[in-house]
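K.L.:
Got a structure for you, written out below as structure tokens; questions coming shortly.
What follows draws every value from the coordinates through simple rules; no lab data is involved. Because the structure is predicted, anything quoted here is derived from the model rather than measured. Glycine gets a Cβ as well: all are built from the backbone with ideal geometry, and neighbour counts include every protein chain shown.
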Amino acid sequence: MSYILAPSLLSADFLHLENEIERINSSQADWLHLDVMDGVFVPNISIGFPVIKHLARISTKPLDAHLMIVEPQKFIPQFRDMGVSTLSIHYEVCNHLHAVIMKIKEAGMKASVVLNPHTPVEVLTDILDELDMVLLMSVDPGFSGQKFIPRSYDKVRRLREMIDRRKLKTLIEVDGGMNAERGKRMLEAGANVLVAGNYLFNTPGLVQAINQMKQELM
């Protein structure tokens, strides 16, 4: 089964980000996942534009940005200018979701909507046809290393049924508590993109860990 593996930079060593990016570049990772937090929508602050601008210059992997921020529509041009390929915004913060999705696509990026663990996939019924991807959180957003929520498997299956019923090409991305075992079950449930953080970065052999996970799930 073909799928996309996206290491999450949130779990990287921030004292040596250039080295971490170079290791990801040399691995079989498909994308680089960026978690952008504002301390308002989620109780944490991560990286901002100055950091993303510099890491974008050295990353050879497509940038997959997950915005955990309020009013994400204000920053669409900045993420486009930094070379972000896929921009994910939270359903929970957008009162005019369709308009924001259109702005992302008009900016030349792929548009994705994120759902928190408590938000049912059925809320996307009227927007699914416009989406390139849906990101399902299998943990509460804001911090890495949180406990995986098992009901996420069923959520992926329900979303896969919605997508297949309409014959869409919308990707399903899953983020939170991913490892090889859970990744296999997510792919079986219908996911296409797996975000992995601590499972990959909590090892001295990051490149080997990425390549091994990639091979195990092929």
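K.L.:
Calculate the dipole size of the chain relative to its Cα centre from +1 charges on Lys and Arg beta carbons and -1 charges on Asp and Glu beta carbons; express the result in debye to the nearest 20.
P.N.:
So the magnitude is around 400 debye.
K.L.:
Report relative contact order for region 26-161 in percent, whole number only (criteria: Cα-Cα under 8 Å, sequence separation at least 6).
P.N.:
The value is 19 percent.
K.L.:
How large is the convex hull of the C-alpha atoms of region 1-98 per residue, in Å³?
P.N.:
Per residue, the Cα convex hull of region 1-98 comes to 118 Å³.
K.L.:
How fast does region 117-167 diffuse by Stokes-Einstein, in µm²/s, taking the Kirkwood radius from C-alpha pairs at 10 °C and 1.306 mPa s?
P.N.:
Answer, rounded: 132 µm²/s.
K.L.:
If you take the C-alpha gyration tensor of region 130-218, multiply each eigenvalue by 5 and take the square root, what semi-axes do you get, largest first, in whole Å?
P.N.:
24, 15, 11
K.L.:
List the pair-distance distribution P(r) of the chain, using every Cα-Cα distance, as the percent of pairs falling in each 10 Å bin from 0 up to the bin containing the longest distance, rounded to whole percents.
P.N.:
All Cα pairs considered, the percentages come to 8, 37, 40, 15, 1.
K.L.:
State, to one decimal in nm, how far the label point of Leu217 lies from the label point of Lys169, with both points 7 Å from Cα in the Cβ direction.
P.N.:
Here the modelled spin labels are 2.2 nm apart.
K.L.:
So how much slack lies between Thr203 and Val40, counting 0.36 nm per residue of separation and subtracting their Cα-Cα distance, in nm?
P.N.:
Length difference between fully extended and current span is 55.5 nm.
K.L.:
To the nearest 20 debye, what is the magnitude of the charge dipole of region 63-145 about its Cα centre, counting +1 on the Cβ of each Lys and Arg and -1 on the Cβ of each Asp and Glu?
P.N.:
Numbers: 5 positive and 11 negative charges, 55 e Å.
Using Cβ point charges on Lys, Arg, Asp and Glu, region 63-145 gives about 260 debye.
K.L.:
Still on this structure, I have one more. Once every DSSP H run of n ≥ 4 in the chain is given -39500 (n - 2.57) and the sum is divided by its residues, what mean residue ellipticity at 222 nm do you get, rounded to the nearest 500 deg cm²/dmol? Kindly include the intermediate steps, with their values, before the conclusion.
P.N.:
On the way: 8 runs with 74 residues, N = 218.
Calculated mean residue ellipticity at 222 nm is -9500 deg cm²/dmol.
K.L.:
If every alpha-carbon in region 49-129 counts as one equal scatterer, what log10 I(q)/I(0) does Debye give at q = 0.15 1/Å?
P.N.:
-0.53
K.L.:
Between their Cα atoms, which of Lys103/Lys169; Lys147/Lys169; Lys74/Lys169; Lys105/Lys184 are more than 26 Å away from each other?
P.N.:
Lys147/Lys169; Lys74/Lys169; Lys105/Lys184
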